[in-house]
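Engineer: Have a look at this one before I ask anything.
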Amino acid sequence: MTTNKTSNDQSINKNERTRLFYDPNSLSSFNGFRIVHTYFDLKVDFDSNILDGYVQLDVKPLDNQSCDCSSTITTENKEIPNNHGNKLVLDSRHLNIKKVVFISNTNEILLTFQVDTERESLIINMTDISKDSLISIRIYYSTSDTKCTALQWLTKEQTADKQHPYMFSQCQAIHARSLYPCQDTPGVKSTYSAKITCPKPLTVLMSGLQTNYDEQTNTFYFEQQQAVASYLIAIAVGHLVSYDLSSRIRVWTEPSMIKQCQYEFEESEKFLTEAEQLLGEYKWKRYDFLVLPPSFPYGGMENPCMNFLTPTLLAGDRSLTSTIVHEMTHSWTGNLVTNENWEHFWLNEGFTSFIEAKLVGNLDKTNGKEIRRFHAAQQWQDLKTTVATWGAEHPYTCLVYRLNNVDPDDAYSSVQYYKGAALLWHLEQNIIDSESKFDEFLRSYIIKFGETILNTDDFIKYFESYFPQAPSVDWQSWLYTPGMPPVTHNFSTKLEENCHQLANQQSPITKEQMNSLNAKQVAYLLNLLLSNDQSKITYDYIKQIDINCDMSKYSNCEIRFRWYQLCIRVKYEKVLDDIFKFLEIIGRMKFVKPLYVEFKSSWPEMLPRVKTFFEEHKKYMNPITVKQIEIRLNN
């Protein structure tokens, strides 16, 4: 496997954002036309579960003078121009396209178009349009009520307060095309603005700054002045309240959860200040976040100015706030510095996970180095579990892999997070051997590539130019070889050693031993039990741990889902009802996917009940989650 070759780093033009690139997951004509601004005028219809209105795209035609054409964009030795001649091709999935017009001054000129359902494309004929420096195309459309994978519509009964309906989006990786016709690739960034009307008394939030509000029509206005990729367009509508955690941080959620959120995330300003000290100025003005209903499929989503978070973080002891640190870090690595396509996803998530551990350590002024190492050890253990699940030879355990004819969601795992973090740890600790010098490199990297896109070759070239005297790196083994990394890191700390001792002892863990651990250690210990010698993980062993430690007392979902995996593995039926209740309430894929997989592999006699349960409850789940569980149950 080879990366796409690009020209040297001097070719990057932040103002034009018109570098040619390759993306196997988009058929849009991004190398012929480039969207530079997006405007939404939409109404939220809870009766029909659709968004209806129009999107206006300001499009810049590209030519040899306005873009970086010095590199060959190739895949499997075939040139991929993605310019489509005089046709503007947009990614479009299950959208009801009503009409397309060219905006000339104040006039609307109808354009002919074709919807290619099989290729998920909207093809607009641009033959008769003058290729000025900027072209405005307005598309009147509505989303699908049943096939829009970007939106989840909740009845009032599915919300925490059960008073009003709710809707939220999840566009990463390639679901924005079901929200609006777009160039659905991380390689295209545009500013955006929006006018969204919804029923009273609901509130609209978006991944931009609110600029105005019309109380009479309950219309909300937004603007995002930083250019963002389509996967970072986000919207949520619900009965929401907020609490200011600082002058630039506000938490939003349903009324019944606001006090929990206020307590759990009280230290968010301290996190953001620490991140700025390491990474430089925070460019997005506000860092607000929304704690969503439990069906949200991820731990968090780094939507600019309005991160989305899972309520599973509300552990009551602030033990899971590292997820906030992770999403916050994306404000630099991911949102400002963005992977060119999803084959290079590790540039978003590997950097963010590496910096997350660093920041978690920096926040502890007395024991920071040990905290950082233990956090990195947790990531390493999760990586081992994921590689074992895929299989050590599976191509998706490579850090960079091909996505031709593959939905990025199907390849998604913690590999790009934690194998990427392990590579950066290797560069810092073994190659450069200086944390302070590597911190300087991180800041330089963000300045260099901020507001642009890059691929793995760009990173390698910049690293090698920044550290010209550094020892050579085995990039082939790290990036393109499946399995665990070629270098095994030793993250040994007292926190980790205590967990290993308990995992390796032959007798079941006692109440006193379990109570001596903090919540992160308990989760790490259970992870060790899942991956260590399985001969001692018997029904009696798990039953005795439950008797000794009363595992039902833990509300922390990171602990519960690992404990439930162990119980399924040994067919410990006492907790079966608790497991199904957990699967009914929680929609986070990190937790539910492993449980369904564990049932299939370890408790096949229970599979008919599991499948029946899933069929009955999938209508309440996020469509992204449903697809991934169906793949695992049916293959």
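Engineer: Go through 159-165, 294-300, 244-250, 470-476 and give me the packing order, highest mean Cβ count within 10 Å leading.
Structural biologist: 294-300, 159-165, 244-250, 470-476
Engineer: Please identify every one of the GluC sites (Glu not before Pro) in the stretch 76-168 that sits in a loop by DSSP and has no more than 16 other beta carbons within 10 Å of its own beta carbon.
Structural biologist: On the way: sites: 76, 79, 108, 118, 120, 157; in loops: 76, 118, 120.
Qualifying residues, ordered by number: 76, 118.
Engineer: Now, a different point. Two decimals, Cα atoms only, Kirkwood Rh: what is Rg/Rh over the chain?
Structural biologist: Across the chain, the Cα-based Rg/Rh ratio is 0.96.
Engineer: Shifting gears a bit: Can you give the Rg to Rh ratio of the stretch 240-331, both from alpha-carbon atoms, with Rh computed by the Kirkwood formula?
Structural biologist: 0.93
Engineer: Per residue, how much accessible area does the chain show when a 1.4 Å probe rolls over the protein heavy atoms, in square angstrom? Working shown, then result.
Structural biologist: Numbers: 24820 Å² over 635 residues.
Per residue, the chain has 39 Å² of solvent-accessible surface.
Engineer: Using Cα pairs under 8 angstrom and six or more residues apart, how large is the relative contact order of the chain, in percent?
Structural biologist: 12
Engineer: Can you sort 487, 570 by solvent-accessible area, 1.4 Å probe, largest first?
Structural biologist: 487, 570
Engineer: A further question follows. Mind ranking 607-617, 544-554 by how tightly packed they are, going by the mean number of other C-beta atoms within 10 angstrom, highest first?
Structural biologist: Working: 607-617: 14.0, 544-554: 15.6.
The peptides rank, most packed first, as 544-554, 607-617.
Engineer: Still on this structure, please answer the following. Around residue 273, under 12 Å between beta carbons, what's the net of Lys plus Arg minus Asp minus Glu among the other residues? Mind dumping the intermediate values first?
Structural biologist: Details: positive: 248, 270; negative: 267, 269, 274, 276, 281.
Net charge in that neighbourhood comes out at -3.
Engineer: What GluC sites (Glu not before Pro) does the stretch 382-436 have in DSSP loop regions with at most 12 other beta carbons within 10 Å?
Structural biologist: When the GluC sites (Glu not before Pro) of the stretch 382-436 are filtered for loop state and at most 12 Cβ neighbours within 10 Å, 393 remain.
Engineer: For the stretch 287-418, go through all pairs of different Cα atoms, get the mean of 1/r, take its inverse, and jot down that Kirkwood value in Å.
Structural biologist: The answer is 15.8 Å.
Engineer: In the stretch 338-480, if every C-alpha pair distance is counted and binned at 5 Å from zero, what percent goes to each bin?
Structural biologist: Answer for the stretch 338-480: a P(r) of 2, 9, 18, 23, 20, 16, 9, 3, 0, 0 percent.
Engineer: I've got another one for you. With a bin width of 5 angstrom, please list the P(r) values of the stretch 320-382 as percents of all Cα-Cα pairs, from the 0 bin to the one holding the largest distance.
Structural biologist: With a bin width of 5 Å, the distribution comes to 4, 20, 25, 23, 16, 8, 3, 1.
Engineer: Where does each of 36-42, 228-234, 515-521 land if you order them by average Cβ count within 10 Å, highest first?
Structural biologist: Result, highest mean first: 228-234, 36-42, 515-521.
Engineer: Residue by residue through the stretch 206-223, what is 3J(HN,Hα) from phi via Karplus (6.51 cos²θ - 1.76 cosθ + 1.60, θ = phi - 60°)? Round to whole Hz and write x for glycine and proline.
Structural biologist: Whole-Hz 3J(HN,Hα) from phi for the stretch 206-223: 9, 7, x, 8, 6, 10, 6, 8, 9, 5, 4, 9, 6, 10, 10, 10, 9, 8.
Engineer: Convex hull over the Cα atoms of the stretch 136-259, averaged projected area in nm²?
Structural biologist: Numbers: hull surface 35.6 nm².
Its Cα hull, projected and averaged over all orientations, spans 8.9 nm².
Engineer: Of the heavy-atom accessible surface of the stretch 240-331 (probe 1.4 angstrom), what whole percent is carbon and sulfur?
Structural biologist: Using a 1.4 Å probe with all protein chains present, the stretch 240-331 comes out at 47 percent carbon and sulfur.
Engineer: What's the extension gain from residue 269 to residue 440 if we count 0.36 nm per residue and subtract their Cα-Cα distance?
Structural biologist: Full extension from residue 269 to residue 440 adds 59.3 nm.
The values are calculated or read from the model by the stated rules, or taken from the named source; none is laboratory data. The shown structure was predicted, so the numbers you read here are calculated from the model rather than taken from an experiment. Reconstructed Cβ throughout: ideal geometry from the backbone, glycine too, with neighbour counts over all protein chains shown. Side chains included, ligands, DNA and RNA excluded: accessible areas come from the protein's heavy atoms. Shrake-Rupley method; radii C 1.70, N 1.55, O 1.52, S 1.80 Å.
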